[in-house]
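For reference, the structure discussed in these notes is given below.
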Amino acid sequence: MKPKVYITRKLPEGVVTKLSERFEVNMYEDENSVVPRDILLKEVKDVDGLICLLTDKIDQELLEQAKNLKIIANIAVGYNNIDVNAAAQKGIVVTNTPGVLTEATADLTFALLMATARRLPEASSYLRRGEWGTWSLMQMTGQEIYGSTIGIIGLGRIAEALVKRAKGFNMRVIYYNRTRKTDKEAELGIEYCELNSLLQQSDFVSILIPYSPEVHHLIGEKELLLMKKDAILINTARGGLVDEVALYEALAKGQIWGAGLDVFEEEPVPSDHPLLTLPNVVTLPHIGSSTVKTRMKMASLAVDNIVNVLEGKSPLTPVN
Ligand code: GLV
């Protein structure tokens with residue numbers, strides 16, 4: 001009897017071959033929709049391995065059903081969709097996809113920063129609407145990027161990669177992290193700041209920490225009030241790190257200048273979400289790691305984790 005693997009979303013052919021050569025593989029046959037909960041609960045009943053996405057809630061209820069499960073391979077670096085403690089108690093390995101998405105996500109973070117600072121989506125739609133009457137001095141003026149100060153919350157892999165991009169733009173880089181990393185400060189040319197001080201000094205604030213309930217709404221009304229009036233908030237981590245109601249108020253009242261958001265508290269973000277009505281917000285549909293190469297590498301890493309664990313070897317990138 002071959003071990004059984006369930007994949008919660010249709011993955012590209014090439015990626016699945018490595019699994020189907022070894023295991024009995026079942027896959028939800030849609031690329032663009034989340035597997036319905038009842039199907040997922042039924043499918044996991046007798047599987048040994050599960051490949052899932054950040055859209056799939058892997059909780060206690062599901063783990064109770066999955067009596068044979070040995071490994072959950074999330075195709076994402078974040079894994080707040082999975083109850084890792086409950087999995088650990090059952091001896092189930094959980095893996096994520098760190099490393100392979102670092103550069104693509106740092107690129108997107110910087111791209112979003114630039115698009116927000118220089119109002120690219122707004123300027124593009126202005127032209128397409130036929131409103132471009134003439135060149136004028138203060139038309140579509142944005143915020144200066146080169147030589148500005150960026151405050152990065154977190155100093156993990158993606159944050160480090162973002163520092164390199166910021167340095168290319170001659171930015172002063174300050175960071176806040178739960179644990180100060182003095183060795184990195186000299187190596188990267190960055191300065192440590194307490195969170196409040198970072199918020200007060202930064203022209204750009206970029207959030208790059210994993211989500212957990214302890215950091216829910218890390219950026220709320222009080223924090224937004226500390227930011228400069230011409231500052232920009234960039235979130236490419238998880239929506240729950242920012243209080244969206246407070247953010248809307250701060251943007252609408254001009255307490256901060258703009259925001260670039262790739263992630264939301266509820267995803268997909270509802271089309272009537274108040275933040276979508278503001279011209280000073282650039283919104284993206286959670287595409288931080290979305291390049292062809294990176295997404296393929298993420299899927300392959302998840303597959304390799306499954307192969308390793310189900311063949312009795314160590315997982316490549318365990319989180320527990
Ligand atoms: C995407 O958000 C990821 O965690 O990989």
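Entry remark, the range 204-233: residues being hydroxyl-bearing (Ser, Thr, Tyr) and part of a loop (DSSP other than H, G, I, E, B) number 2 in total.
State whether the residues of the range 194-215 include one that is of a type in the set (Asp, Glu), closer than 18 Å to Tyr248 by Cβ and buried (at least 19 other Cβ atoms within 10 Å of the Cβ). Within the range 194-215, not a single residue is of a type in the set (Asp, Glu), closer than 18 Å to Tyr248 by Cβ and buried (at least 19 other Cβ atoms within 10 Å of the Cβ).
Looking at the structure I just gave you, is Ser290 outside any helix (DSSP H, G or I), within 16 Å of the ligand (Cβ to nearest atom), crowded, with 18+ Cβ neighbours inside 10 Å and at negative phi? Break it down into steps so the answer makes sense when it comes.
Values: outside any helix (DSSP H, G or I): yes; within 16 Å of the ligand (Cβ to nearest atom): yes; crowded, with 18+ Cβ neighbours inside 10 Å: no; at negative phi: yes.
Answer is no for this residue.
Regarding the range 234-251, can at least one residue be identified that is part of a loop (DSSP other than H, G, I, E, B), more than 19 Å from the chain's Cα centre (by Cα) and surrounded by fewer than 17 Cβ atoms within 10 Å (Cβ to Cβ)? There is no residue in the range 234-251 that is part of a loop (DSSP other than H, G, I, E, B), more than 19 Å from the chain's Cα centre (by Cα) and surrounded by fewer than 17 Cβ atoms within 10 Å (Cβ to Cβ).
Restricting the range 252-287 to residues that are in a helix (DSSP H, G or I) and touching a helix residue (DSSP H, G or I) at 6+ places or on another chain (Cβ under 7 Å), which is nearest to the ligand (Cβ to nearest atom)? Step through it out loud before you land on a result.
Here is the first cut: in the range 252-287, the residues in a helix (DSSP H, G or I) are 252, 274-277.
Pick out the ones that are also touching a helix residue (DSSP H, G or I) at 6+ places or on another chain (Cβ under 7 Å) and you get 274-275.
On the way: Pro274: 23, Leu275: 18 Å.
Applying the filter and picking the extreme gives Leu275.
For Thr109, indicate whether it is in contact with a Leu (Cβ under 6 Å, 6 or more places away or on another chain) and outside any loop (DSSP other than H, G, I, E, B). So Thr109 passes the test. Within the range 293-320, the set of residues being away from the ligand (no atom under 13 Å from the Cβ) and assigned to a helix (DSSP H, G or I) comprises Lys293, Met296, Ser300, Val303, Asp304, Asn305, Ile306, Val307, Asn308, Val309, Leu310. In the range 197-215, how many are touching an Asp or Glu at 6+ places or on another chain (Cβ under 9 Å) and farther than 23 Å from Glu265 by Cβ? Residues flagged as touching an Asp or Glu at 6+ places or on another chain (Cβ under 9 Å) and farther than 23 Å from Glu265 by Cβ within the range 197-215 amount to 1. Name the residue that is farthest from the ligand (Cβ to nearest atom), counting only residues in the range 101-129 that are within 17 Å of Ser300 (Cα to Cα) and crowded, with 21+ Cβ neighbours inside 10 Å. In this case the residue turns out to be Ala104.
Let's see how each residue does on (1) crowded, with 17+ Cβ neighbours inside 10 Å; (2) within 15 Å of the ligand (Cβ to nearest atom); (3) within 24 Å of the chain's Cα centre (by Cα); (4) of a type in the set (Asp, Glu):
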residue	(1), (2), (3), (4)
Lys18	no, no, no, no
Glu31	no, no, yes, yes
Leu41	no, no, no, no
Cys52	yes, yes, yes, no
Lys70	yes, no, no, no
Tyr79	yes, yes, yes, no
Ala88	no, no, yes, no
Thr95	yes, yes, yes, no
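Within the range 262-320, the residues that satisfy the criterion of being over 21 Å from the mean Cα position of the chain (by Cα) and β-branched (Val, Ile, Thr) are Thr277, Ile306, Val307, Val309. Here Ala159 fulfils each of the conditions (1) part of a helix (DSSP H, G or I); (2) in contact with a strand residue (DSSP E or B) (Cβ under 8 Å, 6 or more places away or on another chain); (3) over 29 Å from Leu278 (Cα atoms) apart from (3). In summary, Val84 fulfils each of the numbered conditions (1) free of Cβ contacts under 8 Å to residues at least 60 places away in the same chain; (2) outside the structural domain of Asp183 (by TED's automatic domain parsing); (3) closer than 26 Å to Leu218 by Cα with the single exception of condition (1). Only one of the numbered conditions (1) in contact with a Phe, Trp or Tyr (Cβ under 6 Å, 6 or more places away or on another chain); (2) more than 27 Å from Ile190 (Cα to Cα); (3) not aliphatic (A, V, I, L, M) is violated by Tyr146, and that is (2).
Can you find a residue in the range 220-228 that is within 16 Å of the ligand (Cβ to nearest atom) and crowded, with 16+ Cβ neighbours inside 10 Å? Before the answer, list the steps.
First pass over the range 220-228, keeping only residues within 16 Å of the ligand (Cβ to nearest atom): none.
Checking the range 220-228: not a single residue is within 16 Å of the ligand (Cβ to nearest atom) and crowded, with 16+ Cβ neighbours inside 10 Å.
The values are calculated or read from the model by the stated rules, or taken from the named source; none is laboratory data. Please read these numbers as outputs of a predicted model, since none were measured by experiment. In this analysis, Cβ positions are derived from the backbone assuming ideal geometry, glycine residues included, and neighbour counts consider all displayed protein chains.
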